[in-house]
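The values are calculated or read from the model by the stated rules, or taken from the named source; none is laboratory data. Just so it is clear, the model here is predicted, and its values are computed rather than measured. As a convention, Cβ positions derive from the backbone with ideal geometry for all residues, glycine included, and neighbour counts pool all protein chains shown. With ligands, DNA and RNA removed, areas are computed over all heavy atoms of the protein, side chains included. Shrake-Rupley method; radii C 1.70, N 1.55, O 1.52, S 1.80 Å.
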Amino acid sequence: MADHYEVLGVARDASPEEIKKAYRRLARQLHPDVNPGEDASEQFKLVTHAYDVLSDPDQRQRYDLGGDSGAFGGAGAGFGGFSDIFETFFGGGGGGTRAGRPRSRRERGQDALVRVDLTLGDVVFGVHRDIEVDTAVLCETCQGSCCQPGTQPVTCDICHGSGQIQRTVRSLLGNVVTSQPCTTCQGYGTTIPYPCSTCQGQGRVRARRTVSIDIPAGVETGLRLQLPGSGEVGPAGGPNGDLYLEVTVAPHDVFSRDGDDLLATLEVSMIDAILGTSVTIDSLDGPVDLEIRQGVQAGDEVTIRGRGITPLRGEQRGDLRVAVQVVTPSHLDPKSRALVQELAKRTRPAPPHLAEFHPGLFSKLRGKFKR
Ligand code: ZN
């Protein structure tokens, strides 16, 4: 079996640093990815095993005393060496126990939040919107590689691709190895000699993009709709973030919402309330005919089925509920007054009297006082 020191080409009293350096140099020549030949592969195994033994102070001492385990050739040894070389040569890939992997330039894009103003009509029927968003899109020139076309990133000379710089600090407890991101490559393990001039090496560019979305019926203020993958593209062409649309529904002059129902008030004159009438109202669906029954009372509700809101998860539309408000004339000309007095004589209406408490009327009064 070849002598480990000879295999690595170092002196018997070589320092750990020298052994590591020699190993890296050889690994770079002999790694199967770089040098696919059969001989190189055998050599690579020898070099890796030699390094495994000599890089471990205990094993090295045993080897120096003539007690090499001689286990070379076992699958375990070969495999261990392989993962080890990935860590030192490619800077990661194995368990990542020795040093951190170099970080990737590719990262997921950020999520974005856009506010959308809707009318109540939009909520009733759902609405299609084209929304302009300021975002980042993939750089067409480099397709996210960050490099000028025809060029590539190169392995960082300083950290040799690991993205980390190890420093050995002497302390009372012995040597402590700390690793920090390489400042030359910012921890990427590679540098970009010719950054793409379109995106300044970011792999993405600022852009205003139009997002088309069908906003479903039934949404309400504060609701957030998630559009997965519609956010900005990540650095170096990383996956897109998500886009969130936060809905604000403007108050309507006439209609207000109660769950899936729409509410409105219909003012009916005292005369129409007495005699009954028919009326055409402008609902959000267009004109709707309403029958006001003879003798309708203030606070009575007229329900128009299926003219409310389609719920967010469902198909059955709510109702349009119209509350009748009877309007008493505050001024009558003398002739009208005489007619009403005549009516009073004929019908002898019950005099005013206390009746059961009616909360609905009070809430209406409250509404009036607020104005
Ligand atoms: Zn670019």
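Which residues, taken from the range 202-246, are in contact with a helix residue (DSSP H, G or I) (Cβ under 9 Å, 6 or more places away or on another chain) and within 16 Å of the ligand (Cβ to nearest atom)?
Selection gives Q202, G203, R204.
For R129, which of the numbered conditions (1) buried (at least 19 other Cβ atoms within 10 Å of the Cβ); (2) touching a Leu at 6+ places or on another chain (Cβ under 9 Å) fails to hold?
The number of the failed condition is (1).
Among the candidates R321, R313, R366, R348, single out the residue that is modelled with pLDDT of 90 or more and among the basic types (K, R).
R321 is the lone residue from the list that is modelled with pLDDT of 90 or more and among the basic types (K, R).
Anything in the range 33-59 that is open to solvent by 60 Å² or more (accessible area, probe 1.4 Å) and in a loop (DSSP other than H, G, I, E, B)? List them, or say none.
D33, V34, P36
Starting from the range 178-192, keep only residues that are under 9 Å from C159 (Cα atoms), then list their pairs with residues that are basic (K, R) and assigned to a loop (DSSP other than H, G, I, E, B) whose Cβ atoms are within a distance under 7 Å, requiring at least 6 positions of separation or different chains.
G187/R103
Wholly within the range 186-253, which strands (runs of 3 or more DSSP E) include no fewer than the required count, namely at least 2 residues that are β-branched (V, I, T) and either farther than 21 Å from L284 by Cβ or touching a Cys at 6+ places or on another chain (Cβ under 8 Å) (or both)?
204-215
Taking the conditions exactly as written (part of a strand (DSSP E or B) and either under 30 Å from G126 (Cα atoms) or away from the ligand (no atom under 16 Å from the Cβ) (or both)), does T183 satisfy them or not?
Here the answer is no, as T183 does not meet what is asked.
Scanning for something surrounded by 17 or more Cβ atoms within 10 Å (Cβ to Cβ) and either assigned to a strand (DSSP E or B) or among the hydroxyl-bearing types (S, T, Y) (or both), does the range 149-163 turn up at least one residue?
Yes: one or more hits.
If you scan the range 275-327, which residues turn out to be open to solvent by 80 Å² or more (accessible area, probe 1.4 Å) and not in a loop (DSSP other than H, G, I, E, B)?
Of everything in the range 275-327, those that are open to solvent by 80 Å² or more (accessible area, probe 1.4 Å) and not in a loop (DSSP other than H, G, I, E, B) turn out to be L275, T280, D282, P287, D289, E291, E301.
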